[in-house]
Amino acid sequence: PQTIYRKDYTPPAYWVDTVEMGFDLDPAETRVATRMTMRRNPDSRARNLLLHGEGLQLAQLRVNGKALGPRAYALGQGTLEIFNPPQNVVLEIETVIKPDQNTSLMGLYVSNGNFFTQCEAEGFRKITYFPDRPDVMARYTVMLRADKERYPVLLSNGNLIDQGDLGDGRHYATWEDPFKKPSYLFALVAGNLVCHEETYRLQSGREVLLQVWVEEGNLDKTQHAMESLKNSIRWDEERFGLELDLDRFMIVAVGDFNMGAMENKGLNIFNTKYVLANPRIATDADFANIESVVGHEYFHNWTGNRVTCRDWFQLSLKEGLTVFRDQEFSADMIGTDTGRAVKRIEDVRVLRQAQFPEDAGPMAHPVRPDSYVEINNFYTVTIYEKGSEVVRMYQTLLGKDGFRKGMDLYFQRHDGQAVTCDDFRAAMADANGRDLTQFELWYSQAGTPRVKVETRYDAIGKQYEMTLSQSCPPTPGEESKQPFHIPVAVGLLDAAGRDIPLRLAASGAGPDAPTTLVLELTRDKQTFVFTHVPERPVPSVLRDFSAPVILDIDYADEELAFLMAHDSDAFNRWEAGQRLAMRRMLALTEQVEADPAALQNLDEPMLVDSFRATLNDEALDPAFRELALTLPSETIIAEQMAVVNPQAIHAVRRALRRLLAQQLRLDWRVAYEGNRDAGPYSPDASAAGRRGLKNLALGYLAELDDTESHLLAQSQYDNANNMTDRMAALAALANGGAPGREDALAGFYDEFKDEALVVDKWFTLQAMARNTDVAAVRALMSHPAFTLKNPNRARSLIFSFCNGNPPQFHATDGSGYGFWAESVIALNRINPQVAARLARSLDRWRKFTPPLRAMMQDALRQVARSGPLSKDVHEVITKSLA
Ligand code: DPP
Ligand code: ZN
C-alpha cells in the first residue's frame, strides 16, 4: 500500500460547482446517476481530471453531452482519469453499486433493511466517481427514488424541495442543500422510520424544524437526544454567536455504524448508542454521552462544515476544535464549578488512558500527521482528545474573551473555505496580537512532553523560585524535539491550605494579585520567581490540567495528602490523591514481583486515611468524591512502568481495593445509604453524581464477596428503577461468588433481549468480569445474539475483553493473544475499519515482560501473514512490528 504525504498536497485540477444526483435505490443493485459542472482550477498545473472510485461498476461516462471513447480516459486502482478535458466540463456518470453486500459500512449500505450512507473520510467514492477530497466543495441536489412501501422515508442533506409518486409502487423525494460542502458530508437515508419532531425558535426569532428519526418502537427513547439538540443550538448561539443556518435539522439513528456519529450537513447520522435513551435502557453515562455527541455533531455545522479541512492531515482542525467545544458544552450544562472540574477530570482520564499510550507507542503521530497509509486509522485519540487539549491551550493562553475573538476572526476569514490548522492558529494570533509561532510545534511534534518542577524558598527575601524544564521522548520518525510553548497554571498554598496571592518578580506588583497564574514555559528550562511569599508554600502545579504533559514533581506523601485535603483547584485536589495512590501501587507492584507473598498483611495507613477523609467530607460533591476514590486504572498504572507485568498490577490494585473495602467498610455503608434516592429517576449531574458515589460504594463492598455484600447487590438489582443501578448491581454480582449471579445474568438477558443496546451491555459486563477467560468469551461468541457483523456487538464482547480485562487478556498462556489474532483476521474480511481498531490492542507489546512480549509478537506476525490484509489492518500491524 502507498503512503500519502502531507508535503505532496497539490490543489485539484478542477473545481466542482454543482452536483445533481439521482438514486434508484435497490438493496441488490442501486443505480446512481450524477451530473456535475466543473471548471478548471487556474492554480493547478495538472491537465487531467482525476476522480476517485472504489468498487463501482461504471455504466455511463459523458463529457459535455458526449460519451467518452476508450482512449479519452483510464480506470486505475481506485481512480478514473479523464485526459485533457476542456476548461468547463459537464460530467455525467452512471454507476451501479450493491448496498446489501457492503459490510464495510462505508459508502451506501443496508442496515436492518434500511439504506444509510457514511462518506467520511473517503466513502463517497464508493457511490460514484468524484474528486473525493475535502477541498472540493459543491452544491448538491439529490433525487431519491425507491419502493414506497419498503422505503416510505427518503432523506438527504438540506431542504426537501419536491416529492411525489412515480407510479409502479415507487416514489421520489428531491433535496437541495443550499450550502456548498465537501463530498464527505453527503448523506442519504431511505427506509421505514418514524420521527420525533419539534419546532424550535432561534434567538433571531427564526423557527426551525428539528427531527430525530428512529425505527418504530424506539420513539420513546428520543426525548433526551431532542433536548440535547435544543441545548446545543442555544449554547452555540450564546457562547460563540453561531446560529443554525438551515431551516431543518435531522438526526437519524442506525444500528450498524462504524463510529459514534457523523455530522453530514443537516442530516446527522448517529450510532443508536448515541441517540436512544430512557431510564429503563440507558445509564447515566449513556445520557451524558448522548448529550456530548449530539452537541459534538451539531457543533461541527460550523467547525467542520461551514469551515472545513483542506486535506485529511488537517483533521484535527475540525475534530480537536469540536471536541473542545463539546467538552465546554457539557461542562456548561452542569453549570457548577465542581461540575466543571468533574467533567475536566473525566476528560483527562480518557487522555491518560488512551492518548498517552498512543503517543508513546508505534502509532504515535502528531496532531497534524505528516503521512498516512489509510486515513481511517487516523481518527485517533491524538487527533480528537489531544487536539482538543491543544485548542484548550489557546483559551488558557489568550483567555476566554481572547479565544472568542480568535474564533470570530476565524469565521470572518474562512467561512465557506477548506483550510489548515495554520489558518486557525493565525486567526488566534492575529485577533489577539500574539506571536504563536512556537505553538505550531504542538501540531507537528508527536509525543507527550514531560515538565519537571524544582523549587527553592528563600525565607529571608520571601521569594519562591520555581524552575520548570521540559523534555519529550523520541517518537517514530522524530528523534529529537524542540521545546514546546507550554502554559503551566500554578498556585501556592500556605500552611493552612489557603491560596497565597501571587506576584511574579518580573511583572510589577498589581493591587489584586491572582491566586492562579499561567506561566509560559517556552524554553528547555526557565525559572520563575514569586515575591512576597510569606512562608514556604506547597505548590499546586498544572492546575486544571493546563497542558497535555506529564508533570514530574517531587512531593512528600504528606504534601499529597495535604493537597488532597486543601487545594482550591479541584482538578489538582483529585490529582494529588491519584499521585498518592499511584506511588503506593507502583511500589507494591515492585514488591509483589520480587515476592508474591508481599500483599499479605497489607497496610496503607496514609492512603486509607486520606480516602476516608475524602469519602466522609460531605462538603465535597458526590461526583467529585466518586472520582477521587477511584484508583488509577490498570492501563494507566502500566504506562508508568518500564516493564509491565499485568498480573502483578492487577493483584495490587485488587488488594488495595479490598483493603479500602475492609478498613472503610462502615464508611462505605454510610455513603451507600446516604446517597440513595427514593424519587423518580433523573439523569441530571447531581442525581447521577449521587448514584455514582453510591455505586462506587457498592463496588468496594462487593470486593469483600461476603453474604452482606451479596445481599446488598441482589436487593439493589431487584429493586432498581433505572439502568444505572441495574448495571452496577449486576456487575457486583458478576464479579464475585454471589449465589444469585447466574440467575441475574440469565434474567437480565431475557428481560432485555429485544433491546440491542442493552444486550451489548450484557456482553460487555461479562467480557470484563473477573473470571471471564478466553474460553468463556468463546462461549459467549456462540450465543445466538452474537455477531461480528454489527460493530457495536463486536466491540461489546471482543474489544471489551481485549481492552478492558487486562488480567485475562494477558493470561500467561498467551490464549488472549491467540484469540485477538483470530478476531482481527475474521473482522478484517468483514469490516477493515473495525478490524484495524482491534489491531491496536497490542500497540504496547514491547513494554511487557519478555514471555508476554514474545507471545504478542507471535500473534502480530500471525496476523501479518494471514493472507490479504486490508490497508487499514496492514498499516497498524506493520507499524506495530516495525
Ligand atoms: N466526524 C465524525 C465525528 O467525529 C467522525 N467521522 O464527529
Ligand atoms: Zn467530530
Across (1) crowded, with 23+ Cβ neighbours inside 10 Å; (2) not in a helix (DSSP H, G or I), GLY361 clears everything bar (1)
Within segment 253-265, restricting to residues that are closer than 15 Å to LEU108 by Cα and in a strand (DSSP E or B), the one that is nearest to ligand 1 (Cβ to nearest atom) is MET262
Of the candidates ARG543, ARG583, ARG573, ARG579, the one satisfying the condition of being touching a strand residue (DSSP E or B) at 6+ places or on another chain (Cβ under 7 Å) and either of a type in the set (D, E, K, R) or touching a residue at least 24 places away in the same chain (Cβ under 8 Å) (or both) is ARG543
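Each row is one residue, and each column tells you yes or no for (1) outside any helix (DSSP H, G or I); (2) of a type in the set (Gly, Ala, Ser); (3) at pLDDT 95 or above.
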{"site": "GLY387", "(1), (2), (3)": "no, yes, yes"}
{"site": "THR396", "(1), (2), (3)": "no, no, yes"}
{"site": "ARG404", "(1), (2), (3)": "no, no, yes"}
{"site": "LEU409", "(1), (2), (3)": "no, no, yes"}
{"site": "GLY416", "(1), (2), (3)": "yes, yes, yes"}
{"site": "ASP422", "(1), (2), (3)": "no, no, yes"}
{"site": "ARG425", "(1), (2), (3)": "no, no, yes"}
{"site": "MET428", "(1), (2), (3)": "no, no, yes"}
{"site": "ARG434", "(1), (2), (3)": "yes, no, yes"}
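When you look at SER292, is it within 18 Å of the chain's Cα centre (by Cα), more than 14 Å from ligand 1 (Cβ to nearest atom) and closer than 17 Å to ARG239 by Cα, yes or no?
Numbers: within 18 Å of the chain's Cα centre (by Cα): yes; more than 14 Å from ligand 1 (Cβ to nearest atom): no; closer than 17 Å to ARG239 by Cα: yes.
The answer is no for SER292.
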The residue from GLU319, GLU291 that alone is modelled with pLDDT of 95 or more, closer than 18 Å to ASP135 by Cβ, part of a helix (DSSP H, G or I) and not hydrophobic (A, V, I, L, M, F, W, C) is GLU319
The condition from (1) free of Cβ contacts under 8 Å to residues at least 24 places away in the same chain; (2) of a type in the set (Asp, Glu); (3) surrounded by 13 or more Cβ atoms within 10 Å (Cβ to Cβ) that ASP512 misses is numbered (3)
Might you check whether a residue that is of a type in the set (Phe, Trp, Tyr), surrounded by 22 or more Cβ atoms within 10 Å (Cβ to Cβ), under 28 Å from MET641 (Cβ atoms) and in contact (Cβ under 8 Å) with a residue 12 or more places away in the chain occurs anywhere in segment 847-866?
no
Inset, instruction - Please tell me if THR527 is at pLDDT 95 or above, closer than 17 Å to PHE439 by Cα and among the polar types (S, T, N, Q). - result: no
Out of (1) within 14 Å of ligand 2 (Cβ to nearest atom); (2) touching a helix residue (DSSP H, G or I) at 6+ places or on another chain (Cβ under 7 Å), the one ASN301 does not meet is (2)
The residue from THR448, THR516, THR455, THR531 that alone is among the hydroxyl-bearing types (Ser, Thr, Tyr) and under 28 Å from the mean Cα position of the chain (by Cα) is THR448
Given the conditions (1) surrounded by 22 or more Cβ atoms within 10 Å (Cβ to Cβ); (2) within 16 Å of ligand 2 (Cβ to nearest atom), every one holds for VAL254 apart from (2)
Exception for ALA354 within (1) closer than 24 Å to ARG793 by Cβ; (2) touching a Lys or Arg at 6+ places or on another chain (Cβ under 9 Å); (3) hydrophobic (A, V, I, L, M, F, W, C) falls at (2)
**Prompt:** Is it the case that segment 783-791 has a residue that's farther than 20 Å from GLY818 by Cα, surrounded by 19 or more Cβ atoms within 10 Å (Cβ to Cβ), under 28 Å from the mean Cα position of the chain (by Cα) and modelled with pLDDT of 95 or more?
**Reply:** yes
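If only one of THR322, THR283, THR303 is under 16 Å from the mean Cα position of the chain (by Cα) and closer than 27 Å to ALA685 by Cβ, which one is it? Write out each step before concluding.
Values: THR283 fails: under 16 Å from the mean Cα position of the chain (by Cα); THR303 fails: under 16 Å from the mean Cα position of the chain (by Cα).
Step by step, each of THR322, THR283, THR303 is checked, and only THR322 is under 16 Å from the mean Cα position of the chain (by Cα) and closer than 27 Å to ALA685 by Cβ.
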Practice task
Restrict the check to segment 773-785 and report whether at least one residue is more than 28 Å from MET106 (Cα to Cα), out of contact with any Gly (no Cβ under 6 Å at 6 or more places or on another chain) and not hydrophobic (A, V, I, L, M, F, W, C).
Solution key: yes
When segment 306-324 is checked residue by residue, the ones that are surrounded by fewer than 24 Cβ atoms within 10 Å (Cβ to Cβ) and among the aliphatic types (A, V, I, L, M) are VAL307
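Considering segment 801-840 alone, what residues qualify as being of a type in the set (Val, Ile, Thr), buried (at least 23 other Cβ atoms within 10 Å of the Cβ) and closer than 14 Å to VAL863 by Cα?
Pass one, segment 801-840, residues of a type in the set (Val, Ile, Thr): 812, 824-825, 830, 834.
Next cut, buried (at least 23 other Cβ atoms within 10 Å of the Cβ) only: 824, 834.
If the condition is that a residue be of a type in the set (Val, Ile, Thr), buried (at least 23 other Cβ atoms within 10 Å of the Cβ) and closer than 14 Å to VAL863 by Cα, then VAL824 is the only one that fits.
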Filter segment 94-122 for residues that are within 24 Å of the chain's Cα centre (by Cα) and more than 20 Å from LEU154 (Cα to Cα); the one that is nearest to ligand 1 (Cβ to nearest atom) is GLU120
Subset of segment 219-261, residues in contact with a helix residue (DSSP H, G or I) (Cβ under 7 Å, 6 or more places away or on another chain), within 30 Å of THR787 (Cα to Cα) and of a type outside the set (Phe, Trp, Tyr), comes to HIS224, ALA225, ILE251, ALA253, VAL254, GLY255, ASP256, ASN258, GLY260, ALA261
Checked against (1) within 16 Å of ligand 2 (Cβ to nearest atom); (2) acidic (Asp, Glu); (3) closer than 27 Å to GLY433 by Cβ, GLU385 satisfies every condition except (3)
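Name every residue in segment 460-483 that is crowded, with 18+ Cβ neighbours inside 10 Å, out of contact with any Gly (no Cβ under 6 Å at 6 or more places or on another chain) and within 18 Å of TYR443 (Cβ to Cβ), in order of residue number.
Residues of segment 460-483 that are crowded, with 18+ Cβ neighbours inside 10 Å, as a first pass: 464, 466, 468, 470, 472, 475, 481, 483.
Imposing the further condition that a residue be out of contact with any Gly (no Cβ under 6 Å at 6 or more places or on another chain) reduces the set to 464, 466, 468, 470, 481, 483.
Residues satisfying the conditions are GLN470, LYS481, PRO483.
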Given (1) outside any helix (DSSP H, G or I); (2) farther than 24 Å from GLU346 by Cα; (3) of a type outside the set (Phe, Trp, Tyr), ARG676 misses just (2)
Filter segment 567-583 for residues that are over 13 Å from ILE345 (Cα atoms) and surrounded by 18 or more Cβ atoms within 10 Å (Cβ to Cβ); the one that is nearest to the chain's Cα centre (by Cα) is ARG579
The condition of being crowded, with 19+ Cβ neighbours inside 10 Å and either at pLDDT 95 or above or part of a loop (DSSP other than H, G, I, E, B) (or both) holds, among LEU75, LEU50, LEU91, only for LEU91
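Would you confirm, using the coordinates I've provided, whether ARG310 is in contact with a Ser or Thr (Cβ under 7 Å, 6 or more places away or on another chain) and within 11 Å of ligand 2 (Cβ to nearest atom)? It would help to see each step written out before you state the result.
Numbers: in contact with a Ser or Thr (Cβ under 7 Å, 6 or more places away or on another chain): yes; within 11 Å of ligand 2 (Cβ to nearest atom): no.
No.
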Looking across segment 266-286 at residues that are out of contact with any Ser or Thr (no Cβ under 9 Å at 6 or more places or on another chain) and either in a helix (DSSP H, G or I) or within 17 Å of ASN231 (Cα to Cα) (or both), the single one that is nearest to ligand 2 (Cβ to nearest atom) is ASN268
When (1) touching a residue at least 24 places away in the same chain (Cβ under 8 Å); (2) more than 16 Å from ligand 2 (Cβ to nearest atom); (3) closer than 22 Å to LEU519 by Cα are applied to ALA360, the one that fails is (3)
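The values are calculated or read from the model by the stated rules, or taken from the named source; none is laboratory data. Worth saying up front: this structure is predicted, and the values here are computed from it rather than measured. Cβ: placed from backbone, ideal geometry, glycine included. Neighbour counts: every protein chain shown.
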